[in-house]
Amino acid sequence: MSSFTPVAVGGNPARTPSCWSKAEDKEADTPYSASPDTRSEVIDNEKGHREVGRIIGGKYLTEDHEAPPPPDHEDHGELKKVDIDMPLTLTELVHKNDKEYIVVDFAEGDKENPFNWNPWYKRGITTMLNLMTLFIGLATTAYSSGISSMVADLNASNEEGQLGLFTFNIACAVAPMMLAPFCELVGRKVVYAGAYLCFTLLFIGLALAQNIETIIVLRLLLGLFGCVGTILVGGTFDDMYEPRERGRPMAMFSFVAIFGTVAAPIYAGFIDETIGWRWIEGIQGLSNIPLLIAVFLFFPETRGGVALHKRAKALRKATGDERYVAADDINTPDLKTMFKLSSVKAIHMLVTEPVVFAFGAWIAFCWGVVFLFLSVITITFEDKRGWSEGMTGLPYISLCVGTTLGWAANHFQMAKYEKLTQDPNRKPLPESRLYGAMFGAVWLPIGLFIYSFTQYAYLTWVGPVIALAPIAFGIYFVFEATYSYTADCYGTSASSAIAGQGLLRNTIAAVTPLFATQFFTNVGSQYAGLILALFGTVLSLIPFVMFKYGHALRARSKLAKVY
């Protein structure tokens, strides 16, 4: 995420606000509004006027640009020509830290601005990102299906095998706070391609490992590189989509993230019982190769600031004027500051902001339930009913169905929010994002209650299988509400807030597999399920409480946006 949001006059912003922003936008009218930037420091001969201009050159210098300035840029002064290929680019004289800079920005309709890319081209990029998220989600839980045969083959304990789940998820919890700043330094494509390459290659080691220690370490690295394919997706959507366009891509991303996590055991159990646990890892690795090639060949750099940086560099070389810069060049903090913002601020917001903590605890509980059920479903169907390992994976189809239904039902939430944004007599607030959560999230405890008291061995398998669908249905709405509501509440600080929630979510997911079997065995499957259902019931009150009192909590916060 960038520290600066240059906004072209009459055009789209080159970047969207983020956790790196140095000023909060307390007067924003809409979610994700541009934050204050260095243009507030511009003066023109002490008259308070902006010193702006335009520049063009080479093959872009056509007769059209000899005409009077277009209405959208009539306040950008005289058109300057250079001897290099340079699309029409806006410039502005900026004073910062006692130095003078000429900041370049996109003109209206500039094809290099990611916001102006062809919609189908953006959908193609979105599809690649969602496929990456899908494969990473599958890798997260496919491993669990082969733990029993793996530890038997490697002469290890089941607890040591479970550590592979722990290390993967703990890496996903901590790594984002360290990796996010690097994206600002090198761009998104390099990070995506490099991390996904390493992610794919690690499956070779997992498939050939000869001891449990190797498995544990490689799973840690798999989580480290795999989390890149999920943590940067929201920021990449920010690069390409305007706020009103972001709802559907983010809804699909939430769907894919959950779907991939719950779908893997459907096939992984059959692989394990037929050709062995090593082929679970081998097939996972091979399935990533086509997408890896596509990322290297077709995935573009989505950060508009990177294109502007190249333009500024070309202008410095062509004109000899070292003042030409992109906004990110002078506003992105140093690496130490970015690390502090991405870690310390995230933890601080998780601890001190009630909204962040409440939704963080809610989504952490849901993710904990997902990883608990990796053991619970085995106990219910394999241990109690004697199903084979492959057959035991089939109930996960119900989780996939519930997730899909949740995604489909969420379109009603999006339609309602869109209707509110178009109503001139109403101002959409963050609480307007919670209608779907108030309806959908209550299905999580309902499903847990049903599952808890239908898993007896003498009862038909139909009850617990059906119960899994409302569980996943509710979890989807928790994810969607957490991301959308948090983003709307905190604007430029949303990245830090969501990072804090992600830390809590993935930490809980890392820990739960370590005690899942013992918890359900010692407490009893029915009562352990009842405890989860009661917790889920209490947490399902969160959207109702926030809908009524969220405005008061936001008013007390120093980091929340003002509506």
Reported set for region 393-408 where residues are in a helix (DSSP H, G or I) and surrounded by fewer than 24 Cβ atoms within 10 Å (Cβ to Cβ) is 397, 398, 400, 401, 404, 405, 407, 408
Given 487, 441, 472, 467, which one is at pLDDT below 90, under 24 Å from residue 371 (Cα atoms) and not β-branched (Val, Ile, Thr)?
-> 441
When residue 304 is run through (1) under 22 Å from residue 470 (Cβ atoms); (2) touching an Asp or Glu at 6+ places or on another chain (Cβ under 8 Å); (3) among the small types (Gly, Ala, Ser), the failure sits at (1)
Test: residue 521 is touching a residue at least 60 places away in the same chain (Cβ under 8 Å), open to solvent by 30 Å² or more (accessible area, probe 1.4 Å), part of a helix (DSSP H, G or I) and over 23 Å from residue 360 (Cα atoms) = yes
Which residues, taken from region 444-490, are buried (at least 21 other Cβ atoms within 10 Å of the Cβ) and outside any helix (DSSP H, G or I)?
-> 455
Flag for residue 336 being over 22 Å from the mean Cα position of the chain (by Cα), assigned to a helix (DSSP H, G or I) and charged (D, E, K, R) | yes
Mind telling me which of the residues 204, 147, 216 ends up being of a type in the set (Val, Ile, Thr) and under 15 Å from residue 264 (Cβ atoms)?
-> 147
Please verify whether region 498-507 includes one or more residues that are outside any loop (DSSP other than H, G, I, E, B), open to solvent by 20 Å² or more (accessible area, probe 1.4 Å) and charged (D, E, K, R).
-> yes
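Yes/no per residue for (1) in contact (Cβ under 8 Å) with a residue 60 or more places away in the chain; (2) under 28 Å from residue 304 (Cβ atoms):
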{"position": "118", "(1), (2)": "no, yes"}
{"position": "123", "(1), (2)": "no, yes"}
{"position": "127", "(1), (2)": "no, yes"}
{"position": "132", "(1), (2)": "yes, yes"}
{"position": "136", "(1), (2)": "yes, yes"}
{"position": "139", "(1), (2)": "yes, no"}
{"position": "143", "(1), (2)": "yes, no"}
{"position": "153", "(1), (2)": "yes, no"}
{"position": "164", "(1), (2)": "no, no"}
Pairs returned, first residue in region 82-105 that is farther than 12 Å from residue 312 by Cα and open to solvent by 20 Å² or more (accessible area, probe 1.4 Å), second residue that is basic (Lys, Arg) and assigned to a strand (DSSP E or B), beta-carbon separation under 7 angstrom, 6 or more apart or interchain, are 88/54
Taking only region 340-359 into account, find how many residues are open to solvent by 40 Å² or more (accessible area, probe 1.4 Å), within 18 Å of residue 485 (Cβ to Cβ) and hydrophobic (A, V, I, L, M, F, W, C).
-> 1
Which numbered condition trips up residue 19, out of (1) touching a Pro at 6+ places or on another chain (Cβ under 9 Å); (2) closer than 21 Å to residue 303 by Cβ; (3) at pLDDT below 50?
-> (1)
For residues that are among the aromatic types (Phe, Trp, Tyr) and within 14 Å of residue 542 (Cβ to Cβ), tally how many sit in region 412-434.
-> 0
Do any helices (runs of 4 or more DSSP H) entirely within region 225-330 hold 2 or more residues that are within 27 Å of residue 473 (Cα to Cα), touching a residue at least 60 places away in the same chain (Cβ under 8 Å) and open to solvent by less than 30 Å² (accessible area, probe 1.4 Å), and if so, which?
-> 233-240, 247-275
Return yes when residue 199 is in contact with a Gly (Cβ under 8 Å, 6 or more places away or on another chain) and either crowded, with 16+ Cβ neighbours inside 10 Å or under 25 Å from residue 257 (Cβ atoms) (or both) and no when it is not.
-> yes
Taking into account only those residues within region 127-168 that are open to solvent by less than 20 Å² (accessible area, probe 1.4 Å) and of a type in the set (Ser, Thr, Tyr), which is farthest from the chain's Cα centre (by Cα)?
-> 143
Modelled with pLDDT of 85 or more, surrounded by 17 or more Cβ atoms within 10 Å (Cβ to Cβ) and more than 30 Å from residue 118 (Cα to Cα), is that true of residue 368?
-> yes
Of the residues in region 187-241, those that are within 30 Å of residue 147 (Cα to Cα) and polar (S, T, N, Q) come to 200, 210, 211, 214, 230
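The values are calculated or read from the model by the stated rules, or taken from the named source; none is laboratory data. Note that the structure is a prediction, hence the values are computed from the model and not measured. Note that we place each Cβ from the backbone using ideal geometry, even for glycine, and neighbour counts take in every protein chain shown. Remember, those area values only see protein heavy atoms, side chains included, never the ligands or the DNA or RNA. Shrake-Rupley method; radii C 1.70, N 1.55, O 1.52, S 1.80 Å.
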